[in-house]
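Q: Below is the structure I would like to discuss, written out as structure tokens.
The values are calculated or read from the model by the stated rules, or taken from the named source; none is laboratory data. Model, not experiment: these values are computed from the prediction. Backbone-built Cβ (ideal geometry, glycine too); neighbour counts: all protein chains shown.
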Amino acid sequence: MKNKVLIVGSGGREHALGWSISQDKDVDEVIYAKGNAGTSLDDKCRNIDIDGTKKENFSELSDFVKNEKIDMVVVGPEQPLAHGIVDYFHNRYYDNVFGPKKDASIIETSKAYSFSLMRELEIHQADSTVCPNKIVAIETIKQLNKKNGIVIKADGLTGGKGVYVCDNKDEALLRLEEHAEKYSGSIIIAERLYGEEFSVFGISDGKRVIPLKISVQDHKRLLDNDKGPNTGGMGAYCPAPVANVKVVNSVAEDMMAPIVRKMEYDKEYRGFLYAAVIMTKNFWIIKKPKILEYNCRFGDPEAQPVVMMLNSIYRPIKSALEGKTENIKFDLKKGAACCVVMASNGYPFEYEKGYPIGGLEEVAKMKDVKVFHAGTILNEKGQVITAGGRVLGVTSYSENGIKDAVGKAYDAVHVIDNATSKINGKKVFVYRNDIARKAIERLK
Ligand code: AMP
Ligand code: GLY
């Protein structure tokens, strides 16, 4: 009997998770619903024409899973989780679906909920107030005694866009108007924290959470030196020197495990758990990690470098689905990994698409380099074409550490960039040139 895994989603994270799962010798086939050009080209992999992230397709997808006798379903993005894809499958007597149920996804889908839970569990976070409406938010801002800036957050899922980081009260009051035009529901007013950000990921079976003992750093701004607009993430690397294994363990123990334990009886949190953390500075001396937010999924593009550090993520997921977290072992390699995102011109706003991509065959021959696709499709001639904002996550691993990994990733980026510009007679991609620079500078 063939062992088949289905991945829900089409982005770089889903390609990375599916590729990693396909590396296990016990996995015969990985199917993506609906994947991208890259996911259809990998060994053992294929796409189906069902967008599994859309609620209206859950029924068709669950029929497919039953008819094809799929052994395991892994859900990548937060939207289908928030729409209850896991509950839907359970209600149709299919339990091998990895991700939290709708109720438990609330850890990401409601910042008001996660803030209250953190407060109850005494988990370090920014001082904050959950305001039911704009009038209360205005009063809260006016009464705040924060010299160091104010952060305004929307309650629900906003694709990373619902957060306004303000320098002072006047700016906060101005941005609140803008915020209220775009978002409804509760508004969170928080103190602004300063420090380096990193992420920690774990896998939970509903009772315990097993962390990946490696910190990851994302690069959210579009341009070098953290300039330009916020994006979904322009690159990531691991391990991040800002948080060593000891810090990662303390985040897992003090900030992730209590959440899973608290949710065990009424919501049962089963799936990836993602803690976004900031290493705050206190008078520039004492550093203390504080939670910025939790997410109910893996990070994108953090998944891309993380999977390069592992043999395969298949067995840890399988053990969690079996409720046997004691069997979870992440075989982390030594060294470092890095992902550089190549995005379409115009991203994160209106962007151009439809350009053939060159250089992929040459890069496929490079050792320890893997190009994870996001916004790509195949045209009728079988060419890979740009079709989204974030197009490729050029990812590398080196046992010699971050400097070497970064060098490999950028060698591959330049091959793709030059070949694509040549085919199209113009520059097609934007990307950052300083992914992991903070880590490399620390080596000096
Ligand atoms: P979140 O969606 O809550 O992770 O926020 C998105 C981004 O906004 C974070 O990655 C931070 O860069 C920034 N941010 C959120 N909360 C704060 C805070 N309290 N202080 C400073 N920056 C913040
Ligand atoms: N890279 C940020 C996220 O996945 O939310």
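Q: Only residues that are away from ligand 2 (no atom under 11 Å from the Cβ), under 20 Å from Gly206 (Cα atoms) and crowded, with 22+ Cβ neighbours inside 10 Å: list them for the range 273-315, please.
A: Leu273, Ala275, Ile313, Tyr314
Q: All but one of (1) within 9 Å of ligand 1 (Cβ to nearest atom); (2) touching a Phe, Trp or Tyr at 6+ places or on another chain (Cβ under 7 Å) hold for Arg192; which doesn't?
A: (2)
Q: Among the charged types (D, E, K, R), within 16 Å of ligand 2 (Cβ to nearest atom) and outside the structural domain of Glu56 (by TED's automatic domain parsing): is that true of Glu78 in this structure?
A: Values: among the charged types (D, E, K, R): yes; within 16 Å of ligand 2 (Cβ to nearest atom): yes; outside the structural domain of Glu56 (by TED's automatic domain parsing): no.
So Glu78 fails the test.
Q: Are there any pairs, at least 6 apart or on different chains, whose C-beta atoms fall under 9 Å, with the first in the range 212-226 and at positive phi and the second within 15 Å of ligand 2 (Cβ to nearest atom) and modelled with pLDDT under 95, and if so, which?
A: Asp226/Lys220
Q: Confirm whether Val65 is buried (at least 22 other Cβ atoms within 10 Å of the Cβ), under 25 Å from Ile203 (Cα atoms) and in contact (Cβ under 8 Å) with a residue 60 or more places away in the chain.
A: No; evaluated as a whole, the condition is false for this residue.
Q: Look at Ala439 and say whether it is in contact (Cβ under 8 Å) with a residue 60 or more places away in the chain, under 18 Å from Pro301 (Cβ atoms) and either out of contact with any helix residue (DSSP H, G or I) (no Cβ under 8 Å at 6 or more places or on another chain) or assigned by TED's automatic domain parsing to the domain that holds Tyr355 (or both).
A: yes
Q: Would you call Val415 of a type outside the set (S, T, N, Q), free of Cβ contacts under 8 Å to residues at least 60 places away in the same chain, outside the structural domain of Gly159 (by TED's automatic domain parsing) and surrounded by fewer than 21 Cβ atoms within 10 Å (Cβ to Cβ)?
A: Yes: the conditions hold for Val415.
Q: Test Tyr88 against the stated conditions and say whether it is within 16 Å of ligand 1 (Cβ to nearest atom) and either modelled with pLDDT of 95 or more or within 23 Å of the chain's Cα centre (by Cα) (or both).
A: No: the conditions fail for Tyr88.
One line per residue, one yes/no per condition, for (1) β-branched (Val, Ile, Thr); (2) surrounded by 15 or more Cβ atoms within 10 Å (Cβ to Cβ); (3) not assigned by TED's automatic domain parsing to the domain that holds Ala257:
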{"position": "Glu122", "(1), (2), (3)": "no, no, yes"}
{"position": "Val151", "(1), (2), (3)": "yes, yes, yes"}
{"position": "Ala154", "(1), (2), (3)": "no, yes, yes"}
{"position": "Leu157", "(1), (2), (3)": "no, yes, yes"}
{"position": "Val165", "(1), (2), (3)": "yes, yes, yes"}
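Q: I'm told Tyr183 meets every condition in (1) surrounded by 16 or more Cβ atoms within 10 Å (Cβ to Cβ); (2) touching a residue at least 24 places away in the same chain (Cβ under 8 Å); (3) within 16 Å of ligand 2 (Cβ to nearest atom) except one. Can you identify the failing condition by its number?
A: (3)
Q: Hey, Asp224 hits all of (1) more than 16 Å from ligand 1 (Cβ to nearest atom); (2) over 22 Å from Ser344 (Cβ atoms) but one; which does it fall short on?
A: For Asp224, the exception is condition (2).
Q: Something else: Which residue is farthest from ligand 2 (Cβ to nearest atom), if the candidates are limited to the range 251-272 and must be on the phi < 0 side of the Ramachandran plot and assigned to a strand (DSSP E or B)? Outline the logic, then answer.
A: To start, the set of residues in the range 251-272 that are on the phi < 0 side of the Ramachandran plot comprises 251-267, 269-270, 272.
Of the ones still in play, those that are also assigned to a strand (DSSP E or B) are 270, 272.
Details: Arg270: 19, Phe272: 11 Å.
Among residues in the range 251-272 that are on the phi < 0 side of the Ramachandran plot and assigned to a strand (DSSP E or B), the one farthest from ligand 2 (Cβ to nearest atom) is Arg270.
Q: I would also like to ask the following. Sort through Lys324, Lys353, Lys287, Lys370 and tell me the only one that's modelled with pLDDT under 95 and over 30 Å from Glu268 (Cβ atoms).
A: Lys287
Q: Which one is farthest from Gly358 (Cα to Cα), of the residues in the range 19-38 that are within 18 Å of the chain's Cα centre (by Cα) and in contact (Cβ under 8 Å) with a residue 40 or more places away in the chain?
A: Applying the filter and picking the extreme gives Ile21.
Q: Right, another one. So which pairs qualify, if the first residue must be in the range 160-172 and on the phi < 0 side of the Ramachandran plot, the second must be near ligand 1 (Cβ under 7 Å from one of its atoms) and modelled with pLDDT of 90 or more, the Cβ gap must be under 6 Å, and the two must be at least 6 apart or on different chains?
A: Val163/Lys153; Val165/Val151
Q: Within the range 25-61, can you find the residues that are hydroxyl-bearing (Ser, Thr, Tyr), in contact with a strand residue (DSSP E or B) (Cβ under 9 Å, 6 or more places away or on another chain) and not in a loop (DSSP other than H, G, I, E, B)? So that I can check it myself, show each step before the final result.
A: Of the range 25-61, the ones hydroxyl-bearing (Ser, Thr, Tyr) are 32, 39-40, 53, 59.
The next check asks that each one be in contact with a strand residue (DSSP E or B) (Cβ under 9 Å, 6 or more places away or on another chain); those that pass are 32, 39-40, 53.
Tyr32, Thr39, Ser40 - these are the residues of the range 25-61 that are hydroxyl-bearing (Ser, Thr, Tyr), in contact with a strand residue (DSSP E or B) (Cβ under 9 Å, 6 or more places away or on another chain) and not in a loop (DSSP other than H, G, I, E, B).
Q: Of (1) within 16 Å of ligand 1 (Cβ to nearest atom); (2) assigned to a loop (DSSP other than H, G, I, E, B); (3) of a type in the set (Asp, Glu), Glu293 satisfies all except one. Which?
A: (2)
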